[in-house]
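**Student:** For reference, the structure I am asking about is given below.
The values are calculated or read from the model by the stated rules, or taken from the named source; none is laboratory data. The shown structure was predicted, so the numbers you read here are calculated from the model rather than taken from an experiment. Neighbour counts run over all protein chains shown; Cβ positions are idealised from the backbone, glycine included.
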Amino acid sequence: MASDVIRDWFSHTADLIVEHVDEQEGRVRIYFLSSMADNKVVYTKVLPELRQLDLQNATISEVENRLGVPASQRISRQ
């Protein structure tokens with residue numbers, strides 16, 4: 001499972017934070033390092049914006065636009 005891989009990658013650090021965006025279903029998560037992210041921004045801007053989206057039907061572009069992401073690099077596992 002992807003979450004296990006991420007936890008393994010960051011097992012050497014204690015500041016990996018995992019937040020469930022859709023608490024009812026638990027399918028969408030956001031992972032961040034508290035030492036590298038502004039926690040206030042994550043909890044007051046990012047998570048509320050994500051929770052307003054229909055994440056089951058939203059595209060990556062819609063999520064990026066909603067969050068105001070100027071540029072991103074998409075990585076996929078094949």
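**Student:** Restricting to the stretch 53-70, count the residues that are exposed (fewer than 10 other Cβ atoms within 10 Å of the Cβ) and within 16 Å of Val41 (Cβ to Cβ). So that I can check it myself, show each step before the final result.
**Tutor:** Within the stretch 53-70, the first condition is being exposed (fewer than 10 other Cβ atoms within 10 Å of the Cβ), and the residues that meet it are 54, 56-57, 59, 68, 70.
Next cut, within 16 Å of Val41 (Cβ to Cβ) only: 68, 70.
Number of matching residues: 2.
**Student:** Give me the residue from the stretch 45-61 that is assigned to a helix (DSSP H, G or I) and at pLDDT 85 or above and, out of that set, nearest to Glu19 (Cα to Cα). Step through it out loud before you land on a result.
**Tutor:** Looking only at the stretch 45-61, we keep the residues that are assigned to a helix (DSSP H, G or I), and these are 45-52, 60-61.
Filter again for at pLDDT 85 or above, leaving 45-52.
Details: Lys45: 14, Val46: 11, Leu47: 8, Pro48: 12, Glu49: 14, Leu50: 11, Arg51: 12, Gln52: 15 Å.
Only one residue fits best here, namely Leu47.
**Student:** Right, here's the next one. Of the conditions (1) surrounded by 13 or more Cβ atoms within 10 Å (Cβ to Cβ); (2) at pLDDT below 85, Val42 fails just one. Which one is it?
**Tutor:** It is condition (2) that Val42 fails.
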